[in-house]
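The values are calculated or read from the model by the stated rules, or taken from the named source; none is laboratory data. As the structure is a computational prediction, the values presented were derived from the model and not from experiment. Because the Cβ atoms are built from the backbone with ideal geometry, glycine has one as well, and the counts that use them run over all protein chains shown.
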Amino acid sequence: MFLQLKDSGDIIKVLDFQELIDPSTHIIHAQDQLGEEEQEPDAYQKQNLLFPSGEGLPRCWVDANYRHPQLSSSSTTNKQR
């Protein structure tokens, strides 16, 4: 699966899909898709990733408390705004 970095727009190839969909994991390992050479794996923060279409990752992939909004870190952030 390919994702895009928010800050640079670079495309990365996810190496472990289970790591990506695990909401308790905040970092995934992927390879930058630069040039023709295979790049070394690197660690990326999930919060800095999008689908190439520009759509964000599903909440259930990034928030372990997605079923309980009152416990969710994202709902706490929204209330503080």
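Taking the criterion of being of a type outside the set (D, E, K, R) and part of a strand (DSSP E or B), the residues of the stretch 1-29 that qualify are Phe2, Leu3, Gln4, Leu5, Ile11, Ile12, Val14, Ile27, Ile28, His29.
For residues in the stretch 14-43 being surrounded by 14 or more Cβ atoms within 10 Å (Cβ to Cβ) and in contact (Cβ under 8 Å) with a residue 40 or more places away in the chain, which is farthest from Gln4 (Cα to Cα)? Selected residue: Pro23. Within the stretch 1-13, the set of residues being in contact with a strand residue (DSSP E or B) (Cβ under 9 Å, 6 or more places away or on another chain) and in contact (Cβ under 8 Å) with a residue 40 or more places away in the chain comprises Phe2, Leu3, Gln4, Leu5, Lys6, Ile11. Residue count for the stretch 30-50 under the criterion of being closer than 20 Å to Val62 by Cβ and assigned to a strand (DSSP E or B): the result is 7. There is at least one residue in the stretch 44-51 that is closer than 16 Å to Asp22 by Cβ, at pLDDT 95 or above, touching a Ser or Thr at 6+ places or on another chain (Cβ under 8 Å) and not hydrophobic (A, V, I, L, M, F, W, C).
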